[in-house]
1. Which stretch or stretches of segment A:216-245 have amide N atoms under 20 Å from the point lying 7 Å from A:Met201's Cα along the Cα→Cβ direction?
2. Taking the Cβ of each residue in A:Asp242, B:Asp106 as the centre, tally the other Cβ atoms inside 10 Å and list the residues starting with the fewest.
3. Per-residue counts of other Cβ atoms within 10 Å, averaged by peptide: what ranking do you get for B:157-168, A:195-206, highest first?
4. Taking every eigenvalue of the Cα gyration tensor of chain B, multiplying by 5 and rooting it, what semi-axes result, largest first, whole Å?
5. When the Cα centres of segment A:147-176 and segment A:34-73 are compared, how far apart do they sit, in Å?
6. List the residues of segment B:67-108 whose backbone N lies under 13 Å from a point placed 7 Å from the Cα of B:Glu51 along the Cα-to-Cβ direction.
7. Based only on Cα atoms, what mean projected area does the convex hull of segment A:133-193 have, in nm²?
8. Suppose each label sits 7 Å from its Cα in the direction of the beta carbon; what would the B:Ala203-B:Asp102 distance come out to in nanometres?
Amino acid sequence: MGRLEGKSALVTAAGGGIAGAIARRFGAEGASVMCVDIVEESVTKTAGDIESAGGRAAWSLCDVSKEDQVRELIGKTVGAFGKVDIVVNAAAASEPTHTVVTMPLEVWQEVLDVNITGMFLVCKYAIPEMQKSGGGCFINISSTFGSIAWPGRPAYMATKAAVKQITRSVALDFAGDNIRANAISPGAIETNRLLARTPTMDAVREKMVPLHPIGRLGQPDDIANAALFLASDESSFMTGADMFVDGGFTMI
Amino acid sequence: MGLLDGKVAFVTAAGGNIAGATARLFAEEGAAVACADVAEEDVRKTAADIEAAGGRAIAMVCDVTDEDAVKECIARTVAELGPLTTLFNAAAHSEQRFKVADMPVDMWRRTIDVDLTGMFIVCKYAIPEILKAGGGSIVNISSTYGKIAAAERPAYCSAKGGVRMLTKSIAVDYAADNIRCNSILPGPIEGPRMLQRNPSIEAVVARHGQRLHFKRLGQSIEIARTALFLASDESSYTNGADMAVDAGYTAF
C-alpha cells in the first residue's frame, strides 16, 4: 500500500531533475500523476518512466504563465483522474547572471511571470477543484536563494522569496478548506540546471560542496523524499512551513 | 550639523504617509530630497513643507512602473540636486482583499508591477548614479507581510517577500561599490489609508489583538527614524538586513 494511494497529483516542470524525481516517487507511492512541462521530450520520458514502473501517469504541455493554458491543464487533470489532491509547483525560470543595473526589464519580467505569476495561476485554478473534493495540498519549490543572497541573481531570488509568501497566503486563506500549503527550499541539487552556469559537475562540486556542511551536493531524491512527506498525511499538521532541504547551507 | 548633510535623496511615494515623513526627516537632517509620487498634489505638499522648513526639495510625478518616466526622474534629480547618494523606495500598491482562487489576474499583476517591478526599475536607474557619487545607501520598504501572511492579501504578501530578497541581492552585488541596501518591515502604521478599510483606529488595534504588543499602532515618524539610521553612516556595517519595526509583531 503506497503512501499516496488513490491520490491525484499534478507536478509542474516534471521533465526536470527535481520535479521529475518527485513525479516518479509519487507514482511509485500510488498517486496518479499529471506530468507537466514545456518540453515534450522530457515530460513524456517522466510519464513513461512512471508507467513502465507500473504506475499511472498522464502528461501535458503547459506554459504556467499563460492563464488559458493553466485553466485547460486543471480541466485535463480532473478529466483524467477525477480530481486534484496534490500540486507540486516546481516550474521556474532562471535568468542569466546580471545585476539589477545590467538586467533588461524583459528578462526580469519573464522570471517573475513564470516563477510567481505561474504559481499564482496554478493555485488559482487548482484550489476550486480541491475544495470540491474536500481538500488537498500544495508543495511549492522555493530555494535557499529565497532566504539568503547570491551574486547576480536579483529576479530569481526575489521570486523565490515571493514563493514563500504566496505559500503562506494560500495556507492561511484556505486552512478552513482542509488545504495545506508548504514550501521546500532546496540547496544546490545535482541537476543539469547547475551546468547552466558552471561547465562541469566537478567544478560545481568544488565550488558548492564546501558551502554545504553535510559534505555533498543534494540529489533530486532528497527533495522527492521531502515532497512525499509534505504530500502525505504524515505532515497533516504542517501548513505555511518553509522546509529547508539544503545540507545545512543556510545554517552557517 | 545633520546626519545627511551633503546627501541627495530620491524618495518614492513621498506624497504618502510613511515616505512623506521620511522625506521631511531626511531634509531636516540636511539632505536635498527629490520627492516622487503618482499623486501630484500630495507630492507637491511634501516638497513645499520641506522648503517652508528651510530645506531643499523638488517634487516630481513618477509612476515607478514606467521605465522611461523613472529614467527621466532620476536624471532630473541629479541635474537639479547633484550626485545621488540615497534612495528610499516606498511606492506600493495594495490590492483589494481576495483569496488566490478569486483574485483576477490583472489585479495580481498590478500589485507585483508596482511593489516589486517598480522597485527593480528605480534601483536599476538609480544605482549607476549612486556609483558615480562613490556609493550610498538604499532603503526599501517591505512589510510584516513580507515575512508572515495576512488573510486575503496574496499579491501584497508575495511582492513584499520579493522586496526582501531584491534588497539582499543588491546588497551582495554592490557591496564592493560602497552601496549598502537594507529593507524595513513596518508593522501596522497609523495613516489615513487605514480608515478606508476600517471604521476607526481603535478597531484596527482591536483586530490585531495580542500580537500588537504595545497596544498601539506605529507612527510614520518611527519608520522615518529607522530609515534615517539606515540612510546615514551610523549604519555603516548594516547591509542586506531586514529590519522589523513592528513592536515585536513578528517576534511573537
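What follows is calculated from the coordinates using simple rules that are stated; it is not laboratory data. Keep in mind that what you see is a predicted model, and the values were worked out from it rather than measured. Because the Cβ atoms are built from the backbone with ideal geometry, glycine has one as well, and the counts that use them run over all protein chains shown.
1. A:216-226
2. Numbers: A:Asp242 17, B:Asp106 7.
Going from sparsest to densest Cβ surroundings: B:Asp106, A:Asp242.
3. Details: B:157-168: 31.0, A:195-206: 12.5.
Output ranking for B:157-168, A:195-206: B:157-168, A:195-206.
4. Numbers: eigenvalues 152, 77, 69 Å².
Gyration-tensor ellipsoid for chain B: 28, 20, 19 Å.
5. 24
6. Correct set: none at all.
7. Details: hull surface 20.2 nm².
Approximately 5.1 nm², given one-decimal rounding.
8. Rounded to a tenth, the inter-label distance reads 1.8 nm.
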